[in-house]
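**Student:** Have a look at this one before I ask anything.
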Amino acid sequence: MSHPNLLTSTREPLDVELKVKEGKIPDDLSGFVFINSGAGTVNSGGLPYERKLPSGEFNQEFGSPVINGDGYMYRFDFTDEGKVKLKTRLLKTPCFYADIASSPILNPNNPFADIAFKNRGLARMSMKLGTRNQINTAITPFRKPGDNQSRLLATFDAGRPFEFDPKSLDLITPIGENKFWRAGTPPFLNNPFPMVLTTAHPVYDPETKEVFSVNFTKTTKNLLSATEIFHLIFSSEEEIERRLEERISRWEDLDDKEQVVKEVNDFFYEEAAEKEPKSIWDKLRGWYWKLIGRHFSNEDAVYLVQWTGSKNPKSYKIINENGSNIQIQHNMHQIGFTRDYVLLADTNFKFTLDVMLNNPFPNNQRIDSFLRELLDGAQNDYSTLYIVHRKDLLPENKQVKAHKVVLPLETVHFSANYENPNGVVTLHAAHNCSACPAEWIRYYDECKLHNKPIDPQRVGMLAVGEMDIGKIGKIVIDVENRDKLEDQTVFLHLEGKPGEKDPGPHTWGVGLYTYRDMLSPDKNVGEIKHIFWQAYGLDDQLLTDFMYRLYQDPKRNRVYSAEQMLEFTKKGAPFVLETVETDSMKVTDHYSFPEETYMWSLQFIPSKSQKNDIPDSLNGYILCTVIGRDKNDHNTSSYFSEIWVFDASNLKKGPVTKLHHDELQFAFTIHSVWVKEASEVSIPDYKIDIKQDYDEQIKHIKRRWLRKKVQSLMKDHVYPHFR
């Protein structure tokens, strides 16, 4: 069944068998594919985020990025020959139930409405409760010692991972107690639901049965520091909004940006000082802020988390070789490993506090656009890798030094060959050059090419209109000799023929990728032979005027100028699925998707049968989630959500089958994984007692009235779901 909006997603639990729209389901499919996604909030009932609430009021969530939503897991079952069964469920964390209980939209008269969560850019936050852990991004399979089958973690960049049951999709336990993880928000907040800055891609080594993750903290920025913006915006929102509007006219007329920054900072500090204390605690806090509060912040620090199934993981502080702390510029979205090394990356995805909270008044176009212009900056045109030697991860070591390597291009995702002969590491990386996955299209954005409002159907999509061509990298590093082997390193970029129906293989907007046994809980891939890549193409509706100005700087490390990129974007290019043979770094096969068709997730599924004339790395299928305009529907704004399956050894012939179902509706799916089995797992001995875990958090809330309110919320509305 088609739906009227490009970004439509259901949150309903599904247990259905998919129907064949075209082609035939291959007989040699096997195992299970899991795909993670965001599917709106407890208030929205799915996607899209509507402009108005049923009451007629403007919806505070309208225009939120589609990646800000509750985790909604898809499980595709290929174990019954000739059939594809689908099961979906929301991933219901403790903060999910707190969100429902405090929502003034679901229950305007509930006693917790004043501490409810709200969308604040990339994050969903509450000053009194903390930050939602939406676990909506990726999946990591693992086995604890002694397991007969794999277990699964659902993951997020701003929250600890949760294990979920592969059969029921119910959550089992978070990994590590709250007190193990260091919060990414300022230390004074003491929220029951802390923001934990980690990686959405923890990794598992099936040879050593270790899970690796990270936990990092950043110093609070002076500009609109978290301390001030949290303290003010959440406590007196309407008054601050009114006063900001009064000041913006003057600030917009100033040419000196440094002066604007100073005055905006002064505004928030003045407001904090003038706020009338309501209690003894308010007065004490005010005194505290005047003395030391403005300087009280987290430190810049990176911790490597090592876990093998104990109650709490082991943590190592990772430092530079000169002994200094590591400062993360952007995020640690991706980490990796080889036989001898753990690879930590400062990736080009601005998913940290300063970006999460740069949209405090989403319904006020004037304030929102002003703060975005002031706060947002272009991401670095390089990325940084920190290489940790696994032999140094000894129980007695609290600190471990890392070798720092600067990669000359922006990087969000990468994988590594498991084998690292003679200390030589080979990375395979996606380079999103001058494209920003942390930005999203606002409802007031304008299309750069046409100087007209952006297509309303795309509001909330990632604003990844490229300002340079993307690249597919094979990076070779001689760790032992501190050398980047440039003669073996390749950065592949292909222009193709923009403007043509099939432009051929290209690298406009390099996105996700997959390969055989990627993230396997059973074996490592010694050398990755073939990788299947997604490229977004060129879409004039994703290149906004704001993004153009943010990345037009000619000094950036770039292949094409901003003006050239406008010409390429004007021609356009479709999504492409392509195969790269890693020895030669050549594209050996590709498929160009039809116009106005979006391919979001892709996953390799190995074939059950051995085909002697096809190498193992091509012997299987590529499953893709696909959204497109329904050309058979007379309604021009009608879209479909489908599953397309390709023969991995012959992409160019197109999908071997297209699958659909009337109830299947997704807007934007993200990372995926294939596993051989997905049966119910036993309750592990590291299962966290949720009540005990959060009671420990609540006792640190300073205000007695708030502590009692939060305790009541948890006791009546959260803990009953976790007995």
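**Student:** Which members of the stretch 696-720 meet the condition of being out of contact with any Phe, Trp or Tyr (no Cβ under 9 Å at 6 or more places or on another chain), in a helix (DSSP H, G or I) and either among the aliphatic types (A, V, I, L, M) or within 18 Å of residue 311 (Cα to Cα) (or both)?
**Tutor:** Answer for the stretch 696-720, where residues must be out of contact with any Phe, Trp or Tyr (no Cβ under 9 Å at 6 or more places or on another chain), in a helix (DSSP H, G or I) and either among the aliphatic types (A, V, I, L, M) or within 18 Å of residue 311 (Cα to Cα) (or both): 696, 698, 706.
**Student:** OK, next. If the requirement is being under 18 Å from the mean Cα position of the chain (by Cα), modelled with pLDDT under 90 and closer than 30 Å to residue 121 by Cβ, which of these qualifies: 374, 357?
**Tutor:** Only one candidate passes the filter, namely 357.
**Student:** On to the next question. Residues that are at positive phi: list the strands (runs of 3 or more DSSP E) wholly contained in the stretch 618-675 that include at least 3 such residues.
**Tutor:** Those strands (runs of 3 or more DSSP E) do not exist here; none qualify.
**Student:** Taking the stretch 313-348 as the search range and keeping residues that are polar (S, T, N, Q) and modelled with pLDDT of 95 or more, which one is nearest to residue 303 (Cα to Cα)?
**Tutor:** Of everything passing the filter in the stretch 313-348, 315 is nearest to residue 303 (Cα to Cα).
**Student:** Could you say whether any residue in the stretch 60-83 is out of contact with any Lys or Arg (no Cβ under 9 Å at 6 or more places or on another chain), of a type in the set (Ser, Thr, Tyr) and more than 30 Å from residue 648 (Cα to Cα)?
**Tutor:** No: zero hits.
**Student:** List pairs: first residue in the stretch 569-591 and in contact (Cβ under 8 Å) with a residue 12 or more places away in the chain, second residue among the charged types (D, E, K, R) and assigned to a helix (DSSP H, G or I) anywhere in the structure, Cβ distance under 7 angstrom, at least six positions apart or on different chains.
**Tutor:** 569/540; 570/540; 572/540; 589/652; 590/652; 591/652
**Student:** Among the listed residues 98, 154, which satisfies the condition of being among the hydrophobic types (A, V, I, L, M, F, W, C) and more than 29 Å from residue 625 (Cα to Cα)?
**Tutor:** 98
**Student:** Moving on. State the number of residues belonging to the stretch 173-215 that are of a type in the set (S, T, N, Q) and open to solvent by 20 Å² or more (accessible area, probe 1.4 Å).
**Tutor:** Residues meeting the conditions: 2.
**Student:** So, one more: Got a number for residues in the stretch 610-638 being open to solvent by less than 10 Å² (accessible area, probe 1.4 Å) and farther than 17 Å from residue 33 by Cα?
**Tutor:** 3
**Student:** Tally time: how many residues in the stretch 504-524 are of a type in the set (A, V, I, L, M, F, W, C) and in a loop (DSSP other than H, G, I, E, B)?
**Tutor:** Adding up the residues that qualify gives 3.
**Student:** Going through the stretch 323-337 one residue at a time, which ones are more than 20 Å from residue 218 (Cβ to Cβ) and surrounded by fewer than 22 Cβ atoms within 10 Å (Cβ to Cβ)?
**Tutor:** none
**Student:** Every residue in the stretch 616-648 that is over 22 Å from residue 511 (Cβ atoms) and at pLDDT 95 or above, please.
**Tutor:** Selection gives 616, 619.
**Student:** What number of residues in the stretch 516-545 are open to solvent by 20 Å² or more (accessible area, probe 1.4 Å) and of a type in the set (Ser, Thr, Tyr)?
**Tutor:** 1
**Student:** Give the stretch 81-91 a look and list any residue that's out of contact with any strand residue (DSSP E or B) (no Cβ under 9 Å at 6 or more places or on another chain) and either open to solvent by less than 60 Å² (accessible area, probe 1.4 Å) or of a type in the set (Ser, Thr, Tyr) (or both), or say none.
**Tutor:** Result: 82, single match.
**Student:** What are the residue pairs meeting all of these: first residue in the stretch 478-490, first residue assigned to a loop (DSSP other than H, G, I, E, B), second residue exposed (fewer than 14 other Cβ atoms within 10 Å of the Cβ), Cβ atoms under 8 Å, and 6 or more apart or on different chains?
**Tutor:** Between residues of the stretch 478-490 that are assigned to a loop (DSSP other than H, G, I, E, B) and residues that are exposed (fewer than 14 other Cβ atoms within 10 Å of the Cβ), the close pairs are 480/422.
**Student:** Continuing with the same structure: Criterion first (assigned to a strand (DSSP E or B), out of contact with any helix residue (DSSP H, G or I) (no Cβ under 6 Å at 6 or more places or on another chain) and either more than 20 Å from residue 8 (Cβ to Cβ) or open to solvent by less than 30 Å² (accessible area, probe 1.4 Å) (or both)) does residue 473 satisfy it?
**Tutor:** The answer is yes for residue 473.
**Student:** Within the stretch 338-351, restricting attention to residues that are among the polar types (S, T, N, Q) and under 13 Å from the mean Cα position of the chain (by Cα), which residue is surrounded by the fewest Cβ atoms within 10 Å (Cβ to Cβ)?
**Tutor:** It comes out as 348.
**Student:** Given 121, 69, 82, which one is closer than 24 Å to residue 694 by Cα and of a type in the set (Gly, Ala, Ser)?
**Tutor:** Testing whether each residue is closer than 24 Å to residue 694 by Cα and of a type in the set (Gly, Ala, Ser) leaves just 69.
**Student:** Output the number of residues of the stretch 549-595 satisfying the condition of being open to solvent by less than 30 Å² (accessible area, probe 1.4 Å), in a helix (DSSP H, G or I) and of a type in the set (S, T, N, Q).
**Tutor:** Residues meeting the conditions: 1.
**Student:** Further question on the same structure: Output the number of residues of the stretch 85-117 satisfying the condition of being closer than 21 Å to residue 694 by Cα and basic (Lys, Arg).
**Tutor:** Total satisfying the criteria: 1.
**Student:** Can you name every residue in the stretch 63-80 that is part of a strand (DSSP E or B) and open to solvent by less than 10 Å² (accessible area, probe 1.4 Å)?
**Tutor:** Across the stretch 63-80, the qualifying residues are 71, 72, 73, 74, 76.
**Student:** Let me ask something additional. Scan the stretch 6-62 residue by residue and report those that are over 28 Å from residue 123 (Cβ atoms), part of a loop (DSSP other than H, G, I, E, B) and open to solvent by less than 40 Å² (accessible area, probe 1.4 Å).
**Tutor:** 18, 25, 26, 28, 29, 30, 31
**Student:** Would you check if residue 688 is open to solvent by less than 80 Å² (accessible area, probe 1.4 Å), modelled with pLDDT of 95 or more and in a loop (DSSP other than H, G, I, E, B)?
**Tutor:** So residue 688 fits the description; yes.
**Student:** Would you mind telling me which numbered condition in (1) under 25 Å from residue 131 (Cα atoms); (2) in a loop (DSSP other than H, G, I, E, B); (3) among the basic types (Lys, Arg) residue 317 fails?
**Tutor:** (2)
**Student:** When the stretch 98-110 is examined, which residues are found to be outside any loop (DSSP other than H, G, I, E, B) and open to solvent by 10 Å² or more (accessible area, probe 1.4 Å)?
**Tutor:** If the condition is that a residue be outside any loop (DSSP other than H, G, I, E, B) and open to solvent by 10 Å² or more (accessible area, probe 1.4 Å), then 100, 101 are the ones that fit.
The values are calculated or read from the model by the stated rules, or taken from the named source; none is laboratory data. Predicted model, so just to flag it, every value in this text is computed and none were measured. Virtual Cβ from ideal backbone geometry, glycine too; neighbours counted across all protein chains shown. These accessible areas exclude ligands, DNA and RNA; they are computed on the full protein's heavy atoms, side chains included. Shrake-Rupley method; radii C 1.70, N 1.55, O 1.52, S 1.80 Å.
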